[in-house]
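One structure below.
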Amino acid sequence: DRLEAEAVFRLLAVRPGERLLDLGTGTGRYALAAAQRGARVTGVDASAAMLTIARARGGGQAAAFVRAEATRLPFPDGSFDAAVAVTSLCFLADPLSALREVRRVLVPGGRFVLGELNRWSLWALLRRLRALARPSTYRAAHFRGIGELRGLLERAGFAVVDWEGVLHLPPVNHERFLVGLDRVERLGRRWTPGFGAFLAVGARRGERR
């Protein structure tokens, strides 16, 4: 979680006072983290249950939570200066329409960071195997590599600025084991970012679609 969040916020570069959209906010983790950095955040999710949790976690934070579909955002054109969507695109039946909606509600040149689980990773394979063994939201997920993510963004009218591939560690949830693999993570980021389990892609709204 820490590695993923660090990659997202490096690319997002949140600015105090700016209007930020968190698409597929879920329990509000990224929305609240951006609010702590001074942004005026609106988190959107189609799940009422998730939004209930997000609102409960928010307390007095400067974040609003709205129930809406990703392909039909209830905001006027140019409502936000920046947007983020983390592990939400993989669950959408029409990801291109959702990305075009994000573009619509951004100001010209607005920033967007997309974070997704990389299909070319052991972490994605483990999610698929677990989904076969028991009910899981990941059963219907469509994981993508960096080439496919870039292609979707460009088709939606974004210009990709930068990207990172992090989490080159094996999918073992054991702190002592993982801490000893810092060197593996550093080498993976430098030499094989396209095989990182988590891909963070930074883009800007282009002038033309």
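The values are calculated or read from the model by the stated rules, or taken from the named source; none is laboratory data. Note that the structure is a prediction, hence the values are computed from the model and not measured. Neighbour counts run over all protein chains shown; Cβ positions are idealised from the backbone, glycine included. Each accessible area value is taken on the protein alone, full model and side chains, heavy atoms only, with ligands, DNA and RNA left out. Shrake-Rupley method; radii C 1.70, N 1.55, O 1.52, S 1.80 Å.
Placing pseudo-labels 7 Å out from each Cα toward the beta carbon at ALA64 and GLU185 gives an inter-label distance of 3.6 nm. Every pair of different Cα atoms in the chain enters the Kirkwood calculation, which places the hydrodynamic radius at 17.4 Å. Against the main long axis of the alpha-carbon atoms of the chain, helix 122-133 sits at an angle near 90°.
Counting DSSP beta bridges with both partners in region 20-66, what percentage is antiparallel, nearest 5?
About 0 percent, rounded to the nearest 5.
Among beta bridges from DSSP that stay inside the chain, the antiparallel ones total about 40%. Under a Gaussian network description of the chain, with springs only between Cα atoms under 10 Å, the residue in ALA83, ALA140, ALA34 that fluctuates furthest is ALA140.
For the chain, what is the accessible area per residue in Å², given a 1.4 Å probe and the full set of protein chains? Mind showing how you got there, number by number?
Working: 10790 Å² over 209 residues.
Spelled out: the 1.4 Å probe surface of the chain, per residue, equals 52 Å².
Atom-type composition of the exposed protein surface of the chain places 53 percent of the accessible area on carbon and sulfur (1.4 angstrom probe). Modelled this way, with points 7 Å down the Cα-to-C-beta line, the labels at ALA49 and THR192 are 3.7 nm from one another. Each of GLY58, ALA7, TYR30 was scored by the projection of its Cα onto the charge dipole of region 1-79, and the greatest displacement toward the positive side belongs to GLY58; charges sit on the C-beta of Lys, Arg, Asp and Glu. Note on the chain: helix-only mean residue ellipticity at 222 nm, from DSSP H runs of 4+ residues weighted -39500 (n - 2.57) and normalised by residue number, equals -11000 deg cm²/dmol.
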